[in-house]
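Peer 1: Pasting a structure here, questions to come.
Readers should treat all values here as calculations from the given coordinates under stated rules, not as data from a laboratory. The structure displayed is predicted, hence computed values, not measured ones. Here Cβ is always computed from backbone atoms with ideal geometry, including for glycine, and neighbour counts include all displayed protein chains.
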Amino acid sequence: MLQYYLIKYTGIPSGYMGQLVEWPELVTEGRTLAECRESLADALKEMIAAYQQLGKEVPTGRFLVEPLAVEV
């Protein structure tokens, strides 16, 4: 089953930090967005495997996300 997760990227001096919205404690870094994304995907696979091994429920995407335009 394919599950989608939301990633929040933040620019940092060494490149990018990526964090899953559904799993805020899952954070990785990379010099580029691609490196950060790949690192996050690897970490997510490890977390899912660990949760399954422990019999814990794997968090899934339960968010509704939409842009909000505000004039500043």
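Peer 1: What is the magnitude of the charge dipole of the chain about its Cα centre, with +1 placed on the Cβ of each Lys and Arg, -1 on the Cβ of each Asp and Glu, and no other charges, expressed in debye to the nearest 20? Mind dumping the intermediate values first?
Peer 2: Working: 6 positive and 10 negative charges, 20 e Å.
Here the size comes out at about 100 debye.
Peer 1: For the chain, max minus min Cα coordinate along each principal axis, in Å, sorted largest first?
Peer 2: 48, 30, 20 Å, listed from the longest principal axis down.
Peer 1: Fully extended, how many nm does the chain gain between V70 and Y5 (0.36 nm per residue separation, minus their Cα-Cα distance)? Mind dumping the intermediate values first?
Peer 2: Values: separation 65, 0.36 × 65 = 23.40 nm, distance 2.60 nm.
This chain segment gains 20.8 nm when fully extended.
Peer 1: Looking at the range 5-72, which chymotrypsin sites (Phe, Trp or Tyr not before Pro) are DSSP coil and have at most 13 other C-beta atoms within 10 Å of their C-beta? All intermediate terms of the calculation are to be shown ahead of the outcome.
Peer 2: Numbers: sites: Y5, Y9, Y16, Y51, F63; in loops: Y5, F63.
Of the chymotrypsin sites (Phe, Trp or Tyr not before Pro), the ones in loops of the range 5-72 whose Cβ has at most 13 other Cβ atoms within 10 Å are F63.
Peer 1: Which of the GluC sites (Glu not before Pro) found in the range 1-46 are loop residues per DSSP with 13 or fewer other Cβ atoms within 10 Å of their Cβ?
Peer 2: Details: sites: E22, E25, E29, E35, E38, E46; in loops: E22, E25.
Filter output for the range 1-46: E25.
Peer 1: How long is the gain from A34 to L54 if the chain were fully straight, where each residue apart is worth 0.36 nm and the alpha carbon distance is subtracted? The partial results should precede the final answer.
Peer 2: Numbers: separation 20, 0.36 × 20 = 7.20 nm, distance 3.03 nm.
Gain on stretching A34 to L54: 4.2 nm.
Peer 1: What angle do you read, to the nearest 10 degrees and between 0 and 90, between the alpha-carbon axis of helix 33-54 and the longest principal axis of the chain?
Peer 2: 30 degrees
Peer 1: Okay, next question. Taking a label point 7 Å from the Cα of R62 along the Cα→Cβ vector, which residues of the range 12-38 have an amide N closer than 12 Å to it?
Peer 2: 22-23
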